[in-house]
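Below is one structure, written out as structure tokens; the observations come after it.
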Amino acid sequence: MKKVTSMIAVLLMALLLPVLILPATQKPAGHAEWIASSLKEIQKIKVGMTRGELLKVFTTEGGLSTGLNRTYVYGDCAYIKVDVEFEPVGRPASDTDGRVTLVEANEDVIKSISKPYLEWMVVD
């Protein structure tokens, strides 16, 4: 009888151990999949595209910016950011006093875009 009880205990341990351990050690697959799909969407934004095209994936963030340099946040997660520099279209890059324009236009062309990075949100 003791032998049967011991075998049942060992069998239960063998069946329950993976169930108890697995959630603690297994990484959630959904997180990795979401990051992968987000990176694919972010990487579609390239130099030569317009601000209007960028704004389909990103939104503006608070903080210091000009009309030609700004940090943008990914639409699905405000902690994912890129820094973008633009070439103005249809207007000068600076005013008559030499100050960089603060005007932003959807037609402006992306001159450079950083790799995506993580950072806390900036709130004005």
Practice item. Provide the gained length on full extension for the span ARG99 to SER114, in nm with one decimal, where the gain is 0.36 nm per separating residue minus the Cα-Cα distance. Key: 3.0 nm
Check your understanding: How about the stretch 25-124: which chymotrypsin sites (Phe, Trp or Tyr not before Pro) there are in a DSSP loop, with at most 11 other Cβ atoms within 10 Å of their Cβ?
Key -> TRP120
**Study point:** Loop-located trypsin sites (Lys or Arg not before Pro) in the stretch 42-124, at most 13 other Cβ atoms within 10 Å (DSSP)
**Key:** LYS44, LYS46, LYS56, ARG99
Review point. ASN69 label point, 7 Å along Cα→Cβ, cut-off 20 Å on backbone N: hits in the stretch 75-104?
Key: 81-89, 91-104
Exercise for review: Kindly provide log₁₀ I(q)/I(0) values, in the same order as q = 0.10, 0.12, 0.21 Å⁻¹, from the Debye equation applied to equal alpha-carbon scatterers of the stretch 23-124.
Suggested key: -0.33, -0.45, -1.08
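Where a number appears in this text, it was derived from the coordinates with a stated rule and is not lab data. Fair warning: this is a prediction, and the values are worked out from it, not measured in the lab. Cβ sites come from the backbone with ideal geometry, for glycine too, and all protein chains shown count toward neighbours.
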